[in-house]
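The values are calculated or read from the model by the stated rules, or taken from the named source; none is laboratory data. Bear in mind the structure is a predicted one, so any value in this text is a computation, not a measurement. Cβ placement follows ideal geometry from the backbone for every residue including glycine, while neighbour counts extend to all protein chains displayed. To get the accessible areas, we keep the full protein, side chains included, count just its heavy atoms, and leave off ligands, DNA and RNA. Shrake-Rupley method; radii C 1.70, N 1.55, O 1.52, S 1.80 Å.
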Amino acid sequence: MSLNAPNAVTLASAACALAGLSVLSTHDTWATVPAATAVVGVCVGLSLIFDRLDGMLARRLGLSSPMGERLDTLADLLAFGVLPACLLVRRSPTATTYVIAGVYALGAVWRLARYEPAELAVKGRWGECFRGFPTPAGAAGVVVAVGVVDTFALPHAVELTGALAMAALMPSSVAYPKRGIGAVPWAVLVPVSVVSMLVRALGV
C-alpha cells in the first residue's frame, strides 16, 4: 500500500516521539532536565495534534484501512506510551520511578491491545465514548502532571501518582467522552503546561 496523507500524518506523530526519545537519551550540556522536559512536552503536544488529524483525514478522504489502524496503534505506543514513561525516568531516575514508568507504559500497551477499533465506541451520558481512557489522554495527563509539579515546585511523587492513575484508567472499561469534557480540558491544559515547561527551560 502506497503512502497516503493520513498515514504520513501518523508517521509524523511517530517521528515526534522518536525526536523526544532522542533528546531524553542525550546528556549534553543543553539537554538539561528542564530542556528535555520542554522538548518532550512539545513532542507529545504535536503528536496529540497529529493523532487528531490523521483520523479526520482518513475519514474525509475515504482512506481508512487496516494498515492505517495498525500504523496508528504503533505511533500511539511510541508517542503516548513509551515517551511519557521515559520522561518520568529522566526527571527522577529512582527505582520507584522505573517501576511506575514501566507500569504506565504497560498500561498503554494493554489498552492498545485490549480493544479492537470496532469495540472502542460506546454510548455514555456524554454521548459517544471510548472504552477506557485513550492513550493520548493518558499522555496528556502525564504532561499536565509534570507541568503542575514544575510550576508549583511539588514533589515528583505527584506526577508519579498521576501516571499511576492513567495506567489504571487506560485499559479500564470506563466510558471516556470523545468530545466535550473528554477533549476540551486537555486542549487547554496541555498547551499551558508546555508553555510553562518552555519558560522554565529558557529561564524566562
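Rolling a 1.4 Å probe over the protein heavy atoms gives the chain an accessible area of 50 Å² per residue. Shape summary: region 40-102 maps onto an equivalent ellipsoid whose semi-axes, from the alpha-carbon gyration tensor, are 30, 12, 5 Å in decreasing order. The alpha carbon radius of gyration of region 7-79, expressed as a multiple of 2.2 N^0.38 Å, is 1.25. For q = 0.07, 0.08, 0.18 Å⁻¹, what log10 I(q)/I(0) does the chain give under the Debye formula with an equal point scatterer on each alpha carbon and no solvent? So the normalised log intensities work out to -0.19, -0.25, -1.27. Ranked by the mean number of other Cβ atoms within 10 Å of their residues, highest first, the peptides 139-149, 55-65 fall in the order 139-149, 55-65. Taking 4.7 Å between beta carbons as the limit, the unpaired Cys residues of the chain are Cys86, Cys129. Rg and Dmax, both from the Cα atoms of region 72-111 and both in Å, are 10.0, 32.
The share of accessible area on the chain that comes from carbon and sulfur is 70 percent, using a 1.4 angstrom probe. Span-like helices, the chain: DSSP H, alpha-carbon axial extent 30 Å or more, mean Kyte-Doolittle -1.0 or greater, which ones? The answer, listed by residue number, is 33-61.
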